[in-house]
1. Under a plain spin-label model, where a point goes 7 Å from the Cα along Cα-to-Cβ, how far apart in nm are Thr232 and Arg17?
2. Listed highest first by mean packing, meaning other Cβ atoms within 10 Å per residue, what order do 85-97, 230-242, 115-127 come in?
3. Using 0.36 nm per residue of separation minus the Cα-Cα distance, give me the extension gain between Met225 and Glu58 in nm, one decimal.
4. What percent does the relative contact order of the chain come to when contacts are Cα pairs within less than 8 Å and at least six residues apart?
5. Which number do you get for Rg(Cα) / (2.2 N^0.38 Å) in the stretch 51-100?
6. Dividing the convex hull volume of the alpha carbon atoms of the chain by its residue count, what do you get in Å³ per residue?
7. DSSP loop trypsin sites (Lys or Arg not before Pro) in the stretch 157-255 with at most 16 other Cβ atoms within 10 Å of their Cβ, which ones?
8. How large is the helix-only mean residue ellipticity at 222 nm for the chain, computed as the sum of -39500 (n - 2.57) over DSSP H runs with n ≥ 4, divided by its residue count, in deg cm²/dmol to the nearest 500?
Amino acid sequence: MLISDILHNNVKAKLARDEVVASMTVRLVRTIEIARIARTAGFDSLYVDLEHSSFSLETCGQICMAAVEAGIAPFVRVPANTPDYICRVLEGGALGIIAPHVRSADEARAVVRAAKFSPLGERSNAGGLPHLHFRSFPAPEAYAALNDATMVIVQFESADALDKTEEIVAVDGVDLVLVGLNDLLADWGIPGQYDHPRVREAYASTIAACRRHGKHCGVAEFVRMGARYVSTGTDLAFLMSACTARAKQVQEIKL
């Protein structure tokens, strides 16, 4: 059996075709059913948010493996951009890392080094990975395939990051940029002002830089400007919205 028969990142393939990717964030549901729900609902990807949840690495790994089996790419936002977190979530089944609070090209390069095997990085050798159905393949073949399938996604959440957009986006191995708007607005001193003119300017400059370097940027509102990765919301928000609407519907029944 060939690695190409087993290992596939559908998100990377869609982005290469310049298609829009839909993703959901997992922050509440701790069981593997969420992966099948995401696939059935039509999402291309899910990302497990370890930065803003109490999930364990074991829970994260179970959800990632279920997503791989369901045919959608699982990503993980790590709580810290350190090799121990990055390596462990990737070995647990993730096909990509979302690195929060990246502020410089050096920080982006450090994430790439931790996420990629030689010659692109310094990720430690590990056997029996779930991405490969726990099969063994020659190391050069496995490294090349895993490096190609594993995505590195960095988040801009500060004015410092925006000032260094061009050099961060240019880092070899960075695939996609997300703008963490809540933290960015707080850093600007204008929390909650989502319609502020600086928001559109920030996205425009980031998308333009990504396009120049053959990378991608994610946000729904700016798809027509070139964004291609759309993070639609959290499992918690979806559940609360549906529950609230249904309860309201019942409360409004006229007796």
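The values are calculated or read from the model by the stated rules, or taken from the named source; none is laboratory data. Please read these numbers as outputs of a predicted model, since none were measured by experiment. With ideal geometry, Cβ positions are generated from the backbone for all residues, glycine too; neighbour counts draw on all protein chains shown. Quick note on the areas: whole protein, heavy atoms, side chains included, nothing else; ligands and nucleic acids left out. Shrake-Rupley method; radii C 1.70, N 1.55, O 1.52, S 1.80 Å.
1. My value for the distance between the label points is 1.8 nm.
2. 85-97, 115-127, 230-242
3. The span from Met225 to Glu58 would gain 56.3 nm if fully extended.
4. Dividing the mean separation by the residue count of the chain yields 19 percent.
5. With N residues counted in the stretch 51-100, Rg over 2.2 N^0.38 Å equals 1.02.
6. Roughly 144 Å³ of hull volume per residue.
7. Qualifying residues, ordered by number: Lys254.
8. Mean residue ellipticity at 222 nm (helix-derived): -13000 deg cm²/dmol.
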